[in-house]
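Input: a single structure, listed below in structure tokens.
No lab work stands behind these numbers, since they all come straight from the coordinates. Remember, predicted model here, so these are calculated numbers, not experimental data. All Cβ positions, glycine included, derive from the backbone under ideal geometry; neighbour counts span all protein chains shown.
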Amino acid sequence: MSRLQRSTKIVATLGPACSERAVLQRVLAAGVDVVRMNFSHGTAEDHLGRAELVRDVSRELGRTVGIMCDLQGPKIRIGRFDGNRITLQDGAPFILDAECKLGTQERVGLDYRELPQDVRPNDVLLLDDGRLTLFVERVIGQEIHTRVLHGGVLSNNKGINRQGGGLSAPALTAKDMTDIRTAVKMKADFLAVSFPKSGRDMYMARELMRAEGGRSQLIAKIERAEAIMPGALEDILDASDGIMVARGDLAVEVGDAAVPALQKRMIRLARERNRLTITATQMMESMIENPLPTRAEVSDVANAVLDGTDAVMLSAETAAGKYPVETVEAMSRICLEAEKSADLQLDREFLNRVFTRVDQSIAMAALFTAFHLKVKCIAALTQSGSTALWISRLNCGVPIYALTPEIATRYRLSLYRDTYPLMIPYYGEDREQLLHEAEEQLKANGAVQDGDLIVLTFGEPIGKPGGTNTMKIVKVGEHRKAS
């Protein structure tokens, strides 16, 4: 039961290290809740094949595993070198040349050919996640003449950031638009949009997805300095279903010391707005090569859990690492241990909250009742998943079982903190049969037993989406005795 008891969800990136069926079985069995398809690598056929394999294996294991497609976004990168790499010395001149075909010791080309129009003298450019730093001395036509501040080995296609942000590349590229069609074809549960600067970018992604017939939940990856400016983050949150705290590129643009406080702010704002959060980047990076995490990595994952994130994410650790199964197992253990010390202050969380919708008010009443009665669980009968989402935004220390007849809703719920999705048949307007089946499903999954007290939420008439208007406190087994 330890997997079911873990509140924080785990997102794992698929790649060569876990694409074989036998390894994927072990990775999913170790506790992965959502798999990430990184569209920066591989073909559409690769991703469609992996999605089919994930669904097949998760059914075989009896697991609800969601699928997230992560769009590449704009390629703000240097080009390639003659010889694959060079070494830049501190103080040396170096030219970024949009017209250069093959790089040398003196210059390199640009995949993002508009970069010369975006930078000015005295700008600082950061290459390869900030490992190398260039000072812009002048811009001549399509050439950016720089001086190396911090050198090192520079290899093909490394990323470029400008310190402080401000590059104008659009969030959605032609490749992203093609990849959205692939995501819709595989019926992805979540679609992550890279480098959005405003809610407008997210609205565009949603319109493109819906035009293709998709209904994925949209996750905005917060990785640009512009995205955390006053008002910008709120704008992006309002246009999204959730955010990813993408700490790699964000740290390069705003400075690594600023990221921990930003992480806490983003998670808090997302929860206040009933949005999802995923904390990502280098969480267990040492486990790419080693079977155990460092103490710093353990603390990093634990702090994200205590911040209230819905999910923690693994990237290269599972996509290309030597120990993908052990990494998931270690992350699960850390989450479970951190959750034991989570601070429960639900009454304080209710202060200054106003509920204007009936269904949201029922969700909050269920939370309050479950917290003070110390019931075994909350069971939310839901068509769309909204009631379960609202309940999961505040921590009451009670597991939430979301019972739904909708397959798409079941997989969407795989990312919600504290929430465990279960399928339940649709019984038309037969209220008593539905409530009886809810009890039976909870018992069959080991969530409750006869005599346990639970809180049920549902809508009447039965089966109307967005119609949750009833809360009921039930002692399991009494329904059968009464009948």
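Quick one: helix 174-185 against the long Cα principal axis of the chain, what's the angle to the nearest 10°, folded into 0 to 90?
On a 0 to 90 degree scale, this one is about 20.
Of the DSSP beta bridges with both residues in the chain, give the percent that are antiparallel, rounding to the nearest 5. Please list the in-between numbers first.
Working: 32 of 78 bridges.
Around 40 percent of the beta bridges assigned by DSSP in the chain are antiparallel ones.
Please state the relative contact order of the chain as a whole percent: Cα pairs under 8 Å, 6+ residues apart?
Answer for the chain is 14 percent.
Of the cross-linked pairs LYS376/LYS472; LYS443/LYS475; LYS158/LYS185, which ones have a Cα-Cα span greater than 23 Å in the structure shown?
LYS158/LYS185
May I ask for the percentage of alpha-carbon pairs in the chain that lie more than 35 Å from each other? Walk me through the intermediate numbers first.
Values: 41068 of 116403 pairs.
Tail fraction, whole percent: 35.
Using only helices, what value at 222 nm comes out for the chain when you add -39,500 (n - 2.57) per DSSP H run of length 4 or more and divide by the total residues, to the nearest 500 deg cm²/dmol?
Dividing the helical sum by the residues of the chain leaves -10500 deg cm²/dmol.
Using the alpha-carbon atoms, what tilt in degrees (0 to 90, nearest 10) does helix 44-61 show relative to the longest principal axis of the chain?
Relative to the chain, helix 44-61 is tipped by roughly 30 degrees.
At 0.36 nm per residue, and after removing the present C-alpha to C-alpha distance, how many nm does the segment from ASN445 to GLU478 gain when stretched out fully?
Difference between extended and current length: 10.0 nm.
Which angle between 0 and 90 degrees, to the nearest 10, do you get for helix 431-444 versus the longest principal axis of the chain when only C-alpha atoms count?
60
Quick one: check the C-alpha center-to-center distance for region 196-214 versus region 383-460, whole angstrom.
One Cα centre to the other: 30 Å.
Quickly work out the ALA258-to-GLU272 label distance, labels modelled 7 Å from Cα along the C-beta direction, and quote it in nm with one decimal.
Here the answer is 2.0 nm between the modelled labels.
Among the lysines, select those whose C-alpha is under 28 Å from the C-alpha of LYS187, and discard any that sit fewer than 8 residues away in the same chain.
By straight Cα distance, LYS187 reaches LYS9, LYS75, LYS175, LYS197, LYS221, LYS464.
Counting residues in region 85-162 as N, plug N into 2.2 N^0.38 Å and put the Cα Rg over that result.
Normalised Cα radius of gyration, region 85-162: 0.95.
Note the full-extension length gain between THR369 and ARG431 as 0.36 nm times their separation in residues minus their Cα-Cα distance, in nm to one decimal. Intermediate results must be reported in sequence, preceding the final value.
Values: separation 62, 0.36 × 62 = 22.32 nm, distance 2.20 nm.
Contour length minus the Cα-Cα distance gives 20.1 nm.
For labels at ASN84 and ASN469 in the simple 7 Å Cα→Cβ model, what's the distance in nm?
Taking the two extended label points, one gets 6.7 nm.
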